1. Among the listed residues Asp214, Asp236, Asp291, which satisfies the condition of being of a type outside the set (Val, Ile, Thr), in contact with a helix residue (DSSP H, G or I) (Cβ under 7 Å, 6 or more places away or on another chain) and part of a strand (DSSP E or B)?
2. Could you give me the residue pairs with C-beta distances under 6 Å whose first residue belongs to the range 288-313 and is under 16 Å from Pro250 (Cβ atoms), whose second residue is of a type in the set (Lys, Arg) and part of a loop (DSSP other than H, G, I, E, B) wherever it lies, and which are 6+ apart or on separate chains?
3. Does any residue in the range 239-259 that is within 17 Å of Gly137 (Cα to Cα) and touching a residue at least 40 places away in the same chain (Cβ under 8 Å) come within less than 6 Å, Cβ to Cβ, of a residue that is of a type in the set (Phe, Trp, Tyr) and surrounded by 22 or more Cβ atoms within 10 Å (Cβ to Cβ) six or more places away or on a different chain, and which pairs are these?
4. Could you check the range 140-181 and list, in sequence order, the residues that are crowded, with 24+ Cβ neighbours inside 10 Å, part of a helix (DSSP H, G or I) and among the hydroxyl-bearing types (Ser, Thr, Tyr)?
5. So which of Phe97, Phe83, Phe149 ends up being within 25 Å of Asp291 (Cα to Cα), touching a residue at least 12 places away in the same chain (Cβ under 8 Å), assigned by TED's automatic domain parsing to the domain that holds Ile266 and aromatic (Phe, Trp, Tyr)?
6. Report yes if Asn123 is surrounded by fewer than 17 Cβ atoms within 10 Å (Cβ to Cβ) and over 24 Å from Gln296 (Cα atoms), otherwise no.
7. Can you confirm whether Ala85 is of a type in the set (A, V, I, L, M), under 18 Å from Ser21 (Cα atoms) and modelled with pLDDT under 95?
8. Could you please find all residues in the range 96-112 being within 10 Å of Val42 (Cβ to Cβ), out of contact with any Gly (no Cβ under 8 Å at 6 or more places or on another chain) and in a strand (DSSP E or B)?
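The values are calculated or read from the model by the stated rules, or taken from the named source; none is laboratory data. Given the structure is predicted, the values throughout are model-derived calculations rather than measurements. As a convention, Cβ positions derive from the backbone with ideal geometry for all residues, glycine included, and neighbour counts pool all protein chains shown.
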Amino acid sequence: MSNRDLSKDVMPPYDVIVIGSGPAGLTAAIYATRANLKTLVVAGAVAGGQLMITTDVENYPGFPKGVQGPELMELWRKQAERFEAAFVDDDVTKVDFTTHPLKVWTTEGMYEGRSVIVATGANAKYLGLANEERLKGRGVSACAVCDGFFFKGLDVVVVGGGDTAMEDSLFLSKLCKTVTVVHRRNQFRASKIMQDRLFRTPNIKVLWDSQVVDVLGEAKVEGARIKSLKTGARTDLKVQGLFLAIGHVPATDIFRGQLALDRGYIVLAPHDGLSTGTSVEGVFAAGDVHDFRYRQAVTAAGFGSMAALDAERWLQQAGSPK
């Protein structure tokens, strides 16, 4: 589908504007268009969400042999396009949710919608190392649940000290030969019960007052360089995987002052039976932009379908013509 400037056409507002083109956004678009709602997807300059940097996806239903992340997202988009969702491959620069129709700006222009589904996702925090970036999807991961299966019987490092790091380490301990937790401080900030479980697991060890300063390997991860923050000594640890569990940053900067946020995540405000509603009537949220707990493609897709169904119901209740 051509990426013409739809904002320059004289047309009434879209029924639904979906912001984001990951699993949540594209599922929302599929459901909205199949409900005969005129739908625009503002996909982003870099479309597809976090699955675009994921190699093998083996836990998404319907692909018994697994599927490449980019291939899955391409199939998703083609399905949305089949039902005539319009796409703009550009980033949203500004929104105005204070009046109806709702307004969304990109570098290409301004678009109006009777409803909006925000599905901009969240980005995992990384350490900022050059080799870490190069080896993403080749042993470097920010999702233990997504990728842990590929490390059966191998040695891995987990970076972090919160509940997520504990959960990831415990999950990986059931699959991996050894799990080494690297933490900058001399104590975890995780809950006591999670720490106790970790300390009782025999194949998990902890390196306190330490940080990963480099990732080793050419085609895949072969080791991690660890620096002691007490002595400055550096040690190369032979591992095949590096898992980051240091948090996520929801992509919500443009919604500050427009939607209620909590720690950057959009706050859901269910009303009238619409569970994906936000603090603004007619604006719905789907996926990792509000879900800080599960962060899976399949749950994001589920939220996307819910948001589209909620938007359809809200438009009917509001009396807006399709």
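1. On the way: Asp236 fails: in contact with a helix residue (DSSP H, G or I) (Cβ under 7 Å, 6 or more places away or on another chain); Asp291 fails: part of a strand (DSSP E or B).
Being of a type outside the set (Val, Ile, Thr), in contact with a helix residue (DSSP H, G or I) (Cβ under 7 Å, 6 or more places away or on another chain) and part of a strand (DSSP E or B) holds for just one of Asp214, Asp236, Asp291, which is Asp214.
2. Asp288/Arg295
3. Every condition considered, the pairs that remain are Gly241/Phe151.
4. Scanning the range 140-181 gives a single hit, Ser169.
5. Numbers: Phe83 fails: within 25 Å of Asp291 (Cα to Cα); Phe149 fails: assigned by TED's automatic domain parsing to the domain that holds Ile266.
Being within 25 Å of Asp291 (Cα to Cα), touching a residue at least 12 places away in the same chain (Cβ under 8 Å), assigned by TED's automatic domain parsing to the domain that holds Ile266 and aromatic (Phe, Trp, Tyr) holds for just one of Phe97, Phe83, Phe149, which is Phe97.
6. Values: surrounded by fewer than 17 Cβ atoms within 10 Å (Cβ to Cβ): yes; over 24 Å from Gln296 (Cα atoms): no.
Against the criterion (surrounded by fewer than 17 Cβ atoms within 10 Å (Cβ to Cβ) and over 24 Å from Gln296 (Cα atoms)), Asn123 does not qualify.
7. Working: of a type in the set (A, V, I, L, M): yes; under 18 Å from Ser21 (Cα atoms): yes; modelled with pLDDT under 95: no.
When the stated conditions are applied, Ala85 does not pass them.
8. Taking the range 96-112 first, the residues within 10 Å of Val42 (Cβ to Cβ) are 104-106, 108, 111.
When the remaining residues are screened for being out of contact with any Gly (no Cβ under 8 Å at 6 or more places or on another chain), the result is 105-106, 108, 111.
Trp105, Thr106, Tyr111 - these are the residues of the range 96-112 that are within 10 Å of Val42 (Cβ to Cβ), out of contact with any Gly (no Cβ under 8 Å at 6 or more places or on another chain) and in a strand (DSSP E or B).
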